[in-house]
Each structure stands twice: as structure tokens, then as C-alpha cells.
Amino acid sequence: MSDDWQECMDHCVEVAKKAGEMIREALQKDIAVMQKSSPVDLVTETDQKVEQLIISSIKEKYPTHSFIGEESVAAGAPSVLTGQSHLDHRPYRRHHQLRSQVPVCVRIDRLHREERDRVRDLSGQEDISQSMVLTEMNFKKDPEQFKTMMANMRTILTIPVHGIRSPGSAAVNMCLVACGSADAYYHMGIHCWDMAGGAAIVTEAGGVIMDISGGPFDLMSRRLIVASSRVIAERIAKEITEFHVGRDDAGD
């Protein structure tokens with residue numbers, strides 16, 4: 001990693017630590033919860049303050065960088081990638097390639113950091129029947145989509161696999177695959193800010209990331225499969241049924 005990239009990474013780590021501490025402090029207090037697009041799509045004042053902290057801290061040091069943040073997009077900001085350096089709430093993306101990222105799991109006080117040319121510890125699992133698979137339910141409970149999601153879970157469980165879990169965070173799920181605590185994760189309906197950091201960590205760990213169809217991964221597609229091996233990823237792609245979720249850069 002060049003000195004410029006390392007400097008940026010070090011700065012992002014410090015900002016992520018400050019953001020994590022802000023969240024930890026907020027968890028000790030009563031939290032006001034606001035609704036965004038639906039009764040299960042929620043945001044707190046802390047979510048907004050954390051994003052503001054991250055953006056302002058990085059923009060002060062790197063004024064030419066642009067950002068895609070979950071709460072900013074909810075407020076009407078666009079989520080479109082350009083050729084500039086992008087910060088997707090924490091990951092560093094340049095020339096459409098993820099460079100460095102710092103997901104933080106505050107509840108267990110764990111910070112995941114990854115840089116290009118540094119490797120994690122995948123499980124290396126290739127036997128689907130021994131695999132721990134992660135997935136999540138979308139916050140939009142469309143009846144037909146919900147039916148498909150439940151059918152997909154049943155299909156995966158009866159392959160069979162070792163089990164299915166839902167830790168609750170896309171970034172954490174991908175980090176769990178990267179560090180060998182899980183073997184695969186699939187999801188339809190998340191956003192670029194959910195996927196960016198974890199996707200790069202899985203890639204740098206030597207894992208597989210692909211579209212839910214089995215094709216190339218597209219950050220703006222709102223869907224992905226990550227796995228410790230191509231065998232596992234391709235088997236999941238073969239088994240699950242797709243449904244339309246739109247794209248982050250298309251406004252649908």
C-alpha cells in the first residue's frame with residue numbers, strides 16, 4: 001500500500017474508532033427512533049450524527065473526496081459512483097475499485113480493517129453440507145418477496161447446510177465470512193453502503209463475491225453472494241430464486 005493510501009487508511013481507522021465510541025455512549029442512553037421509508041426502516045439521531053462525524057472528519061483532510069452515506073441518501077442525496085475517490089460511509093473506493101475499509105461492530109467492540117495485499121483467514125470450506133450460511137430479511141416486507149425469501153431459506157436449509165444465521169448487519173456478515181466464522185452470506189435488497197466495506201474485506205481475504213445470479217458482483221445492484229470458496233457460492237446461486245430489488249444508481 002502506498003504512503004498516500006496508508007495515510008488515508010490510518011485516518012479512517014481513527015475516525016471509525018471515534019464513531020464507535022459515539023455509538024457506545026449513545027447505547028447507554030434513551031434513544032429517539034425515527035421512521036424512514038417504512039415502520040421497520042428506522043434511523044436514530046446517533047445514526048445521523050455518526051455519518052456527519054465520518055463525512056466531516058474525512059472531508060476536512062481530503063476535501064476532494066465524495067461520499068455515499070445511508071442517511072444522506074435517505075435525505076435525498078444521490079448514490080452514484082464516479083471516477084473520483086468515494087467513501088461509502090467508511091470504505092475507500094477509487095476508480096471503481098474498493099481500496100480500504102473499516103467496519104466496526106460496536107456491540108462486541110470489534111473493529112475490522114482491511115487493506116489491499118493483506119489477507120484474512122477464510123474457512124476454506126467447500127462442502128456445502130458443512131457450511132454455516134448467513135442471510136437477512138429485508139425491511140420491506142412485500143408479501144411476494146417475503147414468500148420468496150422464506151422459500152430460499154428452506155431450500156438452502158434442506159440442501160442440507162450446517163445452519164443459517166442472521167447476525168443483523170451486512171458488513172458484519174461479510175467480515176464473519178472473511179475471518180472464517182461463517183462460510184457464506186447471501187442477500188437481495190441491501191444497498192451499496194451495506195456491501196462496500198465487507199465486500200472488499202472478503203475479496204482481500206481470498207474469498208468469492210458474485211451476483212446472486214452467479215455473474216460478476218455489481219456494487220450498485222443491491223444483491224450479492226459472498227463465500228469462502230467458489231464451490232459454495234455457485235451452489236447457493238444455483239439454488240435460490242431471484243426477485244427484483246432495483247438498483248442504487250437507478251432510482252427504482
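If Lys and Arg each add +1 and Asp and Glu each add -1, what is the summed charge of the other residues whose beta carbon sits under 11 Å from the beta carbon of Met132? Intermediate results must be reported in sequence, preceding the final value.
On the way: positive: Arg165; negative: Asp183.
Charge balance in the 11 Å sphere: 0.
Can you list residues whose amide H is under 5 Å from His187's amide H, if they're 5+ apart or on another chain and H is modeled 1.01 Å from N?
Leu224
Given points 7 Å out from each Cα along the Cα-Cβ axis, report the Lys238 to Asp218 separation in nanometres with one decimal.
With each label placed 7 Å out from Cα toward Cβ, I get 2.4 nm.
For the pair Lys140 and Val231, how long in nm is the line joining their label points, each one 7 Å along Cα→Cβ?
If labels sit at Lys140 and Val231, their model points lie 3.7 nm apart.
How far apart, in nm, are two points set 7 Å out from the Cα along the Cα-to-Cβ line at Asp127 and at Thr64?
5.3
Straight-line reach from Lys59: which lysines fall under 24 Å, measuring Cα to Cα and dropping same-chain residues less than 8 apart?
Lys17, Lys18, Lys49
In terms of Cα to Cα distance under 22 Å, which lysines are near enough to Lys238, apart from those fewer than 8 places away along the same chain?
Lys147
If you place +1 on the Cβ of every Lys and Arg, -1 on the Cβ of every Asp and Glu, and leave all else neutral, what size is the dipole of region 128-239 about its Cα centre, to the nearest 20 Debye? Please report the intermediate quantities before stating the final value.
Numbers: 10 positive and 10 negative charges, 54 e Å.
The dipole magnitude comes to about 260 debye.
FYI, it's all coordinate maths here, none of it is from the lab. As the structure is a computational prediction, the values presented were derived from the model and not from experiment. Cβ coordinates were reconstructed from backbone atoms using ideal geometry, including for glycine residues, and neighbour counts include every protein chain displayed.
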